[in-house]
Amino acid sequence: MASPGLTKLGIKMTPTLLKFKFFKGLIKSTIYNHFCGGEIIQDADLTAKKLQRHGIGVIMDYGVEGLVGEEAFDSTTQTFIETIHFAQKRDYIPFISVKITGFARHKLLQKWHLGKSLTPKEQEEKKRVIERINKICEAGANNNTKILIDAEESWIQKPVDELAFMMMKRYNQEKVFIYNTYQLYRHDRLEFLKANHTQAQEQKFILGAKLVRGAYMEKERARAEEESYESPIQTDKASCDRDFDQAVEYCLNNLDSLSLFIGTHNEKSCMLAAQQMHHHGIAKNSDRVYFSQLYGMSDNVSFNLASEGFNVSKYLPYGPVADVIPYLMRRASENTSVAGQTSRELSLLKKERKRRQKL
Ligand SMILES: Cc1cc2nc3c(=O)[nH]c(=O)nc-3n(C[C@H](O)[C@H](O)[C@H](O)COP(=O)(O)OP(=O)(O)OC[C@H]3O[C@@H](n4cnc5c(N)ncnc54)[C@H](O)[C@@H]3O)c2cc1C
C-alpha cells in the first residue's frame with residue numbers, strides 16, 4: 001500500500017481478479033485480514049475479544065456494500081438487526097454502524113436528494129427505506145445498542161441526513177441511541193452541525209454527532225469538476241483540520257444537549273480533544289464522548305487513549321471477502337500517502353522493534 005502505483009493497479013484489477021479462487025485467498029490473507037474482523041460475526045467477535053483485553057470496544061460494521069434489489073436490502077436490514085441482538089449481550093460492542101446505501105437504491109437516493117418528484121412506485125420504495133431504518137433503530141433502542149449512521153457522497157447525503165434526523169428525534173429522548181455523521185471536509189458542515197443542534201434543542205431531543213473528516217474527497221472533487229458545480233470540499237487540508245477541531249470543541253462545549261463520537265486517526269485532533277476534556281473537567285470515561293479509529297489503523301492512537309481511560313472503540317467490518325471490497329479499496333487508497341497515519345504508525349513500530357532488540 002505504500003506504493004501508489006501498485007495500489008492504483010490493485011484497485012483497478014481486483015474486481016476482475018476476484019473471480020479466481022487463489023486471488024480471493026491472497027486478498028483474504030493480506031489486506032482483508034488487516035482491515036476486517038472475519039467473514040461471519042462469530043469470527044469478528046474473536047477479534048473483538050482480543051481488543052477488549054486492552055479496554056477497547058468495537059463498533060460492529062456489517063461491511064457489505066453494493067448489493068442491489070429489494071430482497072438483498074431486506075436481508076441486509078435483517079443482518080443489521082441480528083448484529084444488534086449479538087451486540088446486546090456483549091458490553092464490549094456498544095455500537096453498530098449502518099450504511100443507508102446497504103438497503104436503499106442509489107438512484108432513488110439521488111432523486112430524493114435533488115427533491116425531484118417521485119413516481120408512486122418510488123414513493124413506495126422510499127416508504128420501505130424509512131421502515132428499514134426505523135426497524136434497525138428501534139431494535140437498537142430496545143436492546144441498548146447505539147447506531148452510527150455513516151455519511152456518504154454529497155449527492156445522496158440529504159436523504160441520509162433526513163433519515164438520521166427523523167430517527168434521532170424518535171429515539172434520542174432520554175438517552176442517545178442514534179448518531180448522524182458530519183464530514184468536516186465539506187465546507188458547509190460545521191454550520192450544519194450547529195443548525196442541527198439548535199433544531200434538536202427546539203424539538204427536545206439529544207443530538208448524536210459523529211465527526212469525521214470524510215472519505216470521498218477525490219470522487220467529490222472529480223464529479224464537481226466534471227459536472228461544473230462548486231466542489232463541496234474544503235480548499236485545503238488546513239481548512240478541513242480547522243473545522244474538524246472546531247466541531248469537536250463546539251460539541252465538548254455543549255455536552256449537556258448532545259453526545260459526541262470522534263472518528264479520526266489524527267493524533268493532533270485526538271490530543272486536542274483530550275486536553276479540552278481535561279480543561280472542561282469532563283470525565284475521561286463520560287458516556288457522552290467516544291473516540292474511534294478503524295480496525296487495522298492507528299493502533300498507537302487507540303491503545304494509548306484506552307490505557308489513559310478514555311472510551312475507545314474500533315470500527316470492525318465483517319462480511320464475505322467479495323462483498324467488502326469497496327470498503328477495502330477505500331482503505332487501500334487512503335493509506336498510500338507517505339505522510340498518512342499508517343506510514344507513521346509503521347515507522348513507530350519499526351522504531352519500537354529496534355528499541356526492544358537492544359534490550
Ligand atoms: C471511526 C471512523 C468512522 C468513519 N466513518 C465515516 C463515514 O461515515 N463517512 C465518511 O465519509 N468517512 C468516514 N470515516 C473516514 C474518515 O472520513 C477519513 O477518511 C479518515 O478517517 C481519514 O481522516 P483522519 O481524520 O483519520 O486523518 P487525517 O490523516 O488527519 O485526514 C485525512 C483526511 O483529511 C481530508 N483531507 C485530506 N487532504 C485534504 C485537502 N487537501 N483538502 C481538504 N480535505 C483534505 C480527507 O477527508 C482525508 O481523508 C470514518 C473514519 C473513522 C476513523
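Can you say whether K135 is open to solvent by less than 50 Å² (accessible area, probe 1.4 Å) and of a type in the set (D, E, K, R), as far as the supplied structure shows? Taking the combined requirement at face value, the residue does not satisfy it.
Among the conditions (1) surrounded by 15 or more Cβ atoms within 10 Å (Cβ to Cβ); (2) without any contact (Cβ under 8 Å) to a residue 24 or more places away in the chain; (3) within 14 Å of the ligand (Cβ to nearest atom), the only one that Y290 does not satisfy is (2). Residues that are in contact with a Cys (Cβ under 8 Å, 6 or more places away or on another chain) and part of a strand (DSSP E or B) were ranked within the stretch 196-215; the one that is nearest to the ligand (Cβ to nearest atom) is L211. Exactly one residue among G63, G57, G102 is within 17 Å of the chain's Cα centre (by Cα) and more than 24 Å from E152 (Cβ to Cβ), and that residue is G57. Among the numbered conditions (1) more than 9 Å from the ligand (Cβ to nearest atom); (2) more than 18 Å from N180 (Cα to Cα); (3) outside any helix (DSSP H, G or I); (4) open to solvent by 40 Å² or more (accessible area, probe 1.4 Å), the only one that K219 does not meet is (3).
Could you pull out the residue among I178, I156 that is within 14 Å of the ligand (Cβ to nearest atom) and more than 29 Å from E227 (Cα to Cα)? Break it down into steps so the answer makes sense when it comes.
Details: I156 fails: more than 29 Å from E227 (Cα to Cα).
Being within 14 Å of the ligand (Cβ to nearest atom) and more than 29 Å from E227 (Cα to Cα) holds for just one of I178, I156, which is I178.
Please work out which residue is most open to solvent (accessible area, probe 1.4 Å), limiting yourself to the stretch 176-216 and to residues that are out of contact with any helix residue (DSSP H, G or I) (no Cβ under 6 Å at 6 or more places or on another chain) and among the basic types (K, R). Restricting to residues being out of contact with any helix residue (DSSP H, G or I) (no Cβ under 6 Å at 6 or more places or on another chain) and among the basic types (K, R), the top hit is K204. Filtering S307, S302 for residues that are open to solvent by less than 10 Å² (accessible area, probe 1.4 Å) and either near the ligand (Cβ under 10 Å from one of its atoms) or modelled with pLDDT of 95 or more (or both) leaves a single hit, S302. Every condition in (1) closer than 30 Å to N311 by Cα; (2) in a helix (DSSP H, G or I) is met by I93 except one, and the failing one is (2). Restricting attention to the stretch 222-276 and to residues that are polar (S, T, N, Q) and loosely packed, with under 12 Cβ neighbours inside 10 Å, the residue that is farthest from A151 (Cα to Cα) turns out to be Q275. Here K89 passes the criteria (1) touching a residue at least 40 places away in the same chain (Cβ under 8 Å); (2) open to solvent by 40 Å² or more (accessible area, probe 1.4 Å) except the one numbered (1). Of all residues in the stretch 166-175, those being open to solvent by 10 Å² or more (accessible area, probe 1.4 Å) and either within 16 Å of the ligand (Cβ to nearest atom) or of a type in the set (D, E) (or both) number 1. Please tell me if L193 is assigned to a helix (DSSP H, G or I) and within 16 Å of the ligand (Cβ to nearest atom). So L193 fits the description; yes.
Going by the structure shown, is V312 touching a helix residue (DSSP H, G or I) at 6+ places or on another chain (Cβ under 8 Å) and crowded, with 21+ Cβ neighbours inside 10 Å? Taking the combined requirement at face value, the residue satisfies it. Candidates in the stretch 42-71 are the residues that are at pLDDT 95 or above and aliphatic (A, V, I, L, M); of these, the one that is most open to solvent (accessible area, probe 1.4 Å) is L46.
The values are calculated or read from the model by the stated rules, or taken from the named source; none is laboratory data. What you see is a predicted model, and the numbers here were worked out from it, not measured in a lab. Heads up, the Cβs are rebuilt from the backbone with ideal geometry, glycines too, and the neighbour counts pull from every protein chain shown. Protein only, heavy atoms only, side chains kept; ligands, DNA and RNA dropped before computing areas. Shrake-Rupley method; radii C 1.70, N 1.55, O 1.52, S 1.80 Å.
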